[in-house]
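Every read-out reported here was derived from the displayed coordinates using simple, explicitly stated rules and does not represent laboratory data. Fair warning: this is a prediction, and the values are worked out from it, not measured in the lab. Glycine gets a Cβ as well: all are built from the backbone with ideal geometry, and neighbour counts include every protein chain shown.
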Amino acid sequence: MILSSEKKRTTAENDAIQDMSAAPMGEASVTYYHPLITSATRAAKDISLELKLKEAINKAKSFDDGFLVIDSNNYLEHFKESIFLDYLRLLRDADVEFKINGLDNLDKDNIGFFISIFEQKKKNQELALSLDKKTLEHQRKTSRNKKSNAVKALTSTENLKKNKLKKRQISDLDPNNVRARKLIQKYKEEFDYSDYRISKELNEQEVLTSKNSKFQANTVKRQYDALKELEKQFHINEKIENRAYEETPLYKGLRKKEDLKEIPINFEYQAHIDDELVLKFDALLERDLIFTVRNNIDDPIFEYPIAKESTRIVFNIPNDTPIGPGRYYAQLMEEPEESYYKTKWLTFIVRKDVMNSEDPLNVLIPASDSQ
């Protein structure tokens with residue numbers, strides 16, 4: 001929540017960054033596919049929170065007297081210390097007036113002092129640990145074992161693909177990147193500026209990179225290239241769209257097509273979504289389903305089993321999936337050997353606001369790219 005200075009004392013409580021894990025009041029039979037705070041999740045960054053925090057910082061900085069209020073609901077403090085400090089460093093580097101509800105004594109003037117104390121605490125802990133030879137030797141043995149398992153896991157094709165998709169998703173959703181790319185495209189395509197001149201323009205306007213640093217010519221080039229790649233992800237794949245209207249193939253001995261039931265889902269064709277993907281069923285599912293999301297070059301990038309009797313599934317896109325901005329085609333179906341529901345295709349577009357225009361949404365992918 002951003003407030004002008006004259007309002008900040010009267011309305012500082014309600015609309016800022018909310019606890020992502022809280023279910024809406026009054027809703028029943030809703031499955032939220034992202035974890036509640038546990039010992040595991042508190043050790044990992046919440047990408048949604050980080051993106052929203054950056055967006056709020058940028059908005060506050062756009063006003064001369066902007067004031068940022070973060071209603072943490074004790075959410076920030078649940079993360080382990082190093083991650084909590086990363087969020088505080090983001091606030092410190094933004095140089096914006098702020099308040100965190102529940103941490104009322106922390107402000108712009110003393111946040112650097114607060115961070116320094118905890119950074120020194122971490123150094124002291126590391127020093128004390130290094131003096132304990134037995135502990136150190138135990139850590140070395142443990143780390144060798146963990147390293148062996150980790151290397152094995154990370155070399156699998158599936159994990160490498162997922163990590164690459166996640167990295168690109170975070171980059172494409174980052175509000176600093178979104179803002180910068182739109183300006184870069186404008187200066188390059190409308191004014192024909194060089195990368196060096198564009199970097200000067202961005203720095204004069206205090207536009208920052210995703211790491212909150214200044215732009216250089218090579219950074220501008222990378223961001224423009226990334227934007228052109230992102231445009232391709234919005235193109236229509238006519239081959240996949242035609243497939244959605246083909247008859248469902250049936251296996252020998254199974255029920256006839258006319259006997260199959262429709263999956264009772266309420267989903268707008270070519271829905272436009274931002275941070276949440278919601279699957280709402282009009283009746284209890286009578287069978288388990290598989291939900292598979294494909295990008296517009298027909299690569300499966302996300303799969304989730306939906307249990308029978310489900311009525312509503314909510315995916316938090318940044319935290320729960322590797323789905324970034326673009327056009328997607330999803331399949332709802334049973335296991336191949338089952339035959340109760342007809343296969344259902346869904347299409348949706350994620351975060352089209354990251355683009356400058358509607359043009360990329362109306363271009364067909366060449367057939368050679370969809371094989």
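Annotation note: GluC sites (Glu not before Pro) in segment 183-240 located in DSSP loop regions with a Cβ neighbour count of at most 14 within 10 Å are Glu190, Glu206. Its Cα gyration tensor gives segment 155-225 an equivalent ellipsoid. The semi-axes, each the square root of 5 times an eigenvalue, are 27, 12, 10 Å from largest down. Calculate the spin-label point distance for Asp298 paired with Arg92, positioning each point 7 Å from the Cα along the beta-carbon direction, and give it in nanometres. Result for the modelled spin labels: 5.2 nm.
Counting Lys and Arg as +1 and Asp and Glu as -1, what is the net charge of the other residues whose Cβ lies under 9 Å from the Cβ of Leu85? Taking every Cβ under 9 Å from that of Leu85, the sum is -1.
Once you reduce segment 280-300 and segment 313-343 to the center of their Cα atoms, the two points are 3 Å from each other. Spacing of the modelled spin labels on Tyr269 and Ser171, each 7 Å from Cα toward Cβ, amounts to 3.5 nm. For segment 286-324, applying the loop criterion from DSSP together with a ceiling of 15 other beta carbons within 10 Å to the trypsin sites (Lys or Arg not before Pro) yields Lys308. Computed from phi, the 3J(HN,Hα) profile of segment 279-287 under the Karplus parametrisation 6.51, -1.76, 1.60 (θ = phi - 60°) reads 9, 10, 9, 6, 8, 4, 5, 9, 9 Hz, with x in place of Gly and Pro.
A Förster distance of 22 Å, applied to the separation of the beta-carbon atoms of Asp288 and Asn163, puts the FRET efficiency at 0.15.
For Arg197 and Glu119, the difference between the fully extended length at 0.36 nm per residue and the C-alpha to C-alpha distance is 24.3 nm.
Each Cα pair under 8 Å and six or more residues apart adds its sequence gap; the mean of these over the residue count of segment 184-237 is a relative contact order of 32 percent.
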